[in-house]
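As structure tokens, the structure follows; a few thoughts come after it.
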Amino acid sequence: MLAAVVASAPPDVSNIVLTPGRTESELNFAWQTPAGADTETIIQVALKSDMIGADFPEDKTQTFTGNSSDFADGLISHKATVNGLVPLKSYAYRLGIGRNGDWSDVYEFSTRDVEAYGVLMVGDIQIGAKNIQDDVAGWRDTLEKALQITPDAAFILSVGDQVQNASSRDEYDGFLSLPQFKNLPFAPTIGNHDNDVLFSHHFNVPNESPTRGRTEAGGNYYFVYGDTLYMVVNSNNLDYRQHKAFIRDAVKTHPKARWKIVMMHHSIYGPDIARSATLELRENFVPIFDGYDIDVVLSGHDHIYVRTHFMRRNKVAPPLDKFPASVASPFEIPPGAVIKPRGALYLAAATSSGSKYYDPASQVFDYLAERAAPYYPMFSRINITNTSFEIISYKTDDMAVVDSFIMVKAAEENSRLNTFVIMPLVVLVIIAVLRFGRSRTAPKIR
């Protein structure tokens, strides 16, 4: 008698996360399946307008393959990149979850404008700091309200501490349980609570450095969106020479970037009394940021919202009164905007889940333009064009605006060589002149 043949069920797929790709034409994907399942790392993508119900048209579907690796607790981590994306389009995708033609559910994502776009900034979600259930509820509430304000967000920027315990799968499962991760790219920073290999198994980041900013969780990475260069620094690594080299190479690779933004977890202009660790970060990072003309530095760690004045060489740099005379085509300044001087704006996010709050010191520091601790979760919307950078920060209990700020940048800044590029050229010229001078000394009198 023949035994009945029972078809095995396709393996479960979990923790699907989109992250930005190297440019706006790419998206990175990460997901997980159980270890031992016969799975491939494969994605199919099609324009939503070409879909026939839930069916992918064979002649209009692109297929992308990636890599997989085993990691703790019997799971396989999958990573793949989709390219060839076009702005302002809606796409459908599905993940291959077996070698027998099995597929995941169909999901969707949309690409956004690259000339003028909005992103969300969140921080210190720290699932598990209070308890997983309450923290996830607070995180879900914040993200849902943020997307009501910014339904067209191009992606989310997180300044770090996604979880409380870096090696907790349960906390990562709670953090990634929100459905928005399946259709909205998320750019994470490695916080001190994320510093474990689990971080690298959950996120597929672009242009990750194999040697710079490395800890067990991963290394520095960068991506470009429109005219903006985003550089994400792992501030758990305190080798500042590595960070300088990373920023140098990213800026050199994208010299025409209109805005240069650094994201790191630890704030170097914090809301509280200066700690020795903060002063060390400030002493070492500020010259790097000044040298490469970084425009904005996004951070977190203190769970208190901070916006500084423009800072250069550790001193307040006042806004310009008018565009420099060298600007060929000045433009009209939006109401309430200021003209950016040479120097960086430092922003620190508060907690976006309400999992943990800190009390700010009563002392006021000269670098502070705004400091807020509303004891409610917060998020920020950032609006970027080729001439302006705007941030609007909200608290979620009543959606009141806690802070807003907009700046514009003169066109000449786009082509100005940064300090660390021009100074070596000056030194080389001086050396050449001195050598030439020595070779033309007067002949000896005989």
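Just to check your reading of the model, which residue among D173, D194 is more than 24 Å from R112 (Cα to Cα), among the acidic types (D, E) and buried (at least 21 other Cβ atoms within 10 Å of the Cβ)?
D194
Sort through L75, L88 and tell me the only one that's exposed (fewer than 14 other Cβ atoms within 10 Å of the Cβ), over 24 Å from V233 (Cα atoms) and of a type outside the set (V, I, T).
Exactly one of L75, L88 is exposed (fewer than 14 other Cβ atoms within 10 Å of the Cβ), over 24 Å from V233 (Cα atoms) and of a type outside the set (V, I, T), namely L88.
Just to check your reading of the model, which residue among D102, D161, D196, D141 is farther than 23 Å from R381 by Cβ, touching a residue at least 60 places away in the same chain (Cβ under 8 Å) and of a type in the set (D, E)?
D102
Would you check if A7 is modelled with pLDDT under 95, surrounded by 14 or more Cβ atoms within 10 Å (Cβ to Cβ) and more than 30 Å from L229 (Cα to Cα)?
So A7 does not fit the description; no.
Residues of segment 366-383 being among the charged types (D, E, K, R), outside any loop (DSSP other than H, G, I, E, B) and surrounded by fewer than 18 Cβ atoms within 10 Å (Cβ to Cβ), which ones?
Hit for segment 366-383 is E370, nothing else.
So D38 fits all but one of (1) outside any strand (DSSP E or B); (2) closer than 30 Å to V224 by Cβ; what number is the exception?
(2)
Kindly establish whether E390 is outside any loop (DSSP other than H, G, I, E, B), crowded, with 18+ Cβ neighbours inside 10 Å and of a type outside the set (S, T, Y).
yes
When the residues of segment 314-335 are filtered to those that are in a loop (DSSP other than H, G, I, E, B), out of contact with any helix residue (DSSP H, G or I) (no Cβ under 6 Å at 6 or more places or on another chain) and at pLDDT 90 or above, which remaining residue is nearest to F289 (Cα to Cα)?
A317
For segment 158-168, name all the residues that are out of contact with any Ser or Thr (no Cβ under 7 Å at 6 or more places or on another chain) and crowded, with 24+ Cβ neighbours inside 10 Å.
D161, Q162, V163
Go through segment 300-313 and give me each residue that's in a loop (DSSP other than H, G, I, E, B) and in contact with a His (Cβ under 8 Å, 6 or more places away or on another chain).
H301 - this is the single residue of segment 300-313 that is in a loop (DSSP other than H, G, I, E, B) and in contact with a His (Cβ under 8 Å, 6 or more places away or on another chain).
Residue by residue, here is whether (1) modelled with pLDDT under 95; (2) surrounded by fewer than 20 Cβ atoms within 10 Å (Cβ to Cβ); (3) β-branched (V, I, T); (4) in the same structural domain as G74 (by TED's automatic domain parsing) holds:
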{"position": "D135", "(1), (2), (3), (4)": "no, no, no, no"}
{"position": "E144", "(1), (2), (3), (4)": "no, yes, no, no"}
{"position": "P185", "(1), (2), (3), (4)": "no, no, no, no"}
{"position": "I190", "(1), (2), (3), (4)": "no, no, yes, no"}
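Show the residue pairs that are 6+ apart or on different chains and have beta-carbon atoms under 7 Å apart, the first residue being within segment 40-63 and of a type in the set (K, R), the second being surrounded by 17 or more Cβ atoms within 10 Å (Cβ to Cβ).
Within 7 Å, the pairs are K48/Y91; K48/A92; K60/A46.
Residues of segment 279-299 being of a type in the set (F, W, Y) and in a loop (DSSP other than H, G, I, E, B), which ones?
Y292, the sole residue that qualifies.
Among the residues of segment 393-404, which ones are of a type outside the set (D, E, K, R) and buried (at least 18 other Cβ atoms within 10 Å of the Cβ)?
S393, Y394, T396, V402
Pick from segment 203-226 the residues that are within 11 Å of the chain's Cα centre (by Cα) and of a type outside the set (S, T, Y): which of them is surrounded by the most Cβ atoms within 10 Å (Cβ to Cβ)?
Once the filter is applied, the top-ranked residue is N220.
The values are calculated or read from the model by the stated rules, or taken from the named source; none is laboratory data. From a predicted model like this one, the values you see are computed outputs, not experimental measurements. Virtual Cβ from ideal backbone geometry, glycine too; neighbours counted across all protein chains shown.
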